[in-house]
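Single-structure report; data block below.
The values are calculated or read from the model by the stated rules, or taken from the named source; none is laboratory data. No experiment lies behind these values; they were computed from the predicted model shown. Virtual Cβ from ideal backbone geometry, glycine too; neighbours counted across all protein chains shown. Ligands, DNA and RNA are excluded from the accessible area calculation, which covers all protein heavy atoms including side chains. Shrake-Rupley method; radii C 1.70, N 1.55, O 1.52, S 1.80 Å.
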Amino acid sequence: MNEILGTLSDAEREELSRDLDRYPDARAMREDMHRVLATDEVLNYVKQQAVIHPADIIINRIKSQKRRRRVVTLAVLSAAAMLIAFLAIKGLYRPDQSDKPAIARSSVVKKQNIQLQLSNGQTIDLNTDTSRVLAGNVVLKNANKTLTYKSGDAAGFATLTVPPGKDYTIHLSDGSVIQLNAATSIRFPLSFTGNTREVFINGEAYLKITKDADKPFIVNLPNSSVRVLGTEFNVNTYDSGIVKVALVEGAVKFMNKGNSLQLLPGQEGVSSVSNISTRPFDETDVLSWRTGRFLFSNASLEDVCRVIPRLYGISLELDNKQVASRRFSGVIDRNQPLENVLKALKATNAIDYYADKEGVFHIK
């Protein structure tokens, strides 16, 4: 950061130049830092600080001003992992000088497909675009990771399953749109009949519900449910026994066994087996998955290693339990190669990794 601010001494500049010549990966990180961080808004913010803090502290402080600085927040967070890795190069990061070939992503990613199962048992592979598929009296269109359909008077439920490493969007028959994160399933009726519209979700999803005062929309989650008329909100059931509902627009009633509360925009409801509580939430943190990003703020390496398999559809084992509690702040972009993520973790946490013959990654 001092280089970007122009405050490096001559001696420090010479030392930096030697390190960049010695470690090519560091030069690439430096270029990315300059591209993203050398903006007037970021520089003005940093210059206002009495002390130049480490990258993760700067990031967290800018995040606290997100409603006024949303552009800065997204830009800084996009470079967070690379920035922190760069700051740690001298003490932690030494690129592997061996001649080991890079691991091909295709050899380690679990080959799972997005699937739609109809009530008659028919299973449809949605991994490739199709202009039109006829399943009974249901006409399906699958394009650009989005499913639309015309069901007519079709009866019965269908189940859409999105495996780790993928995401998908479905337009329901009432016009509601649901974006599904990785490792998520939704069970839904092909036609909404009766006095309510009900779906069942396990995993994470962002819902934009079409208003219909005569037919409330009900989202059934493990041990809880959400009742809405028309609104936008996020649901997350990844953590066993915990359900989170974050309201963006409108109003919803969040219920579990014996408890209920109404959420307001900007509130997140958290439900356990016997309790519901509310708290404010940061949209950048909670909704970043919709653009393929996952944000970490002082997360343990153990927590990070639980998320990576879901984002990339791989198997990952944390063999060295002694490093499980090491902390990490930054962002993982699922659109970037997996090895970039692992290299950043290696640089910032002084860990190492390898892939075995079965394609399972190990943190050692």
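Computed values, structure above
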| read-out | value |
| --- | --- |
| Where Cα atoms sit under 30 Å apart: lysine pairs in region 200-321 separated by 8 or more or lying on different chains | 12 |
| Total charge dipole magnitude, region 131-248, about the Cα centre, Cβ charges on Lys, Arg, Asp, Glu only, Debye to nearest 20 | 240 |
| Inter-part distance where region 157-175 and region 254-323 are each reduced to a Cα centre, Å | 20 |
| Largest to smallest principal axis extent of the C-alpha atoms in region 154-259, angstrom | 35, 33, 24 |
| Sequence of Thr278, Thr284 from largest to smallest accessible area, 1.4 Å probe | Thr278, Thr284 |
| Area accessible to solvent at Arg293, 1.4 Å probe radius, in Å² | 80 |
| Net dipole in debye of region 305-364 [+1 Lys, Arg Cβ; -1 Asp, Glu Cβ; about Cα centre; nearest 20] | 240 |
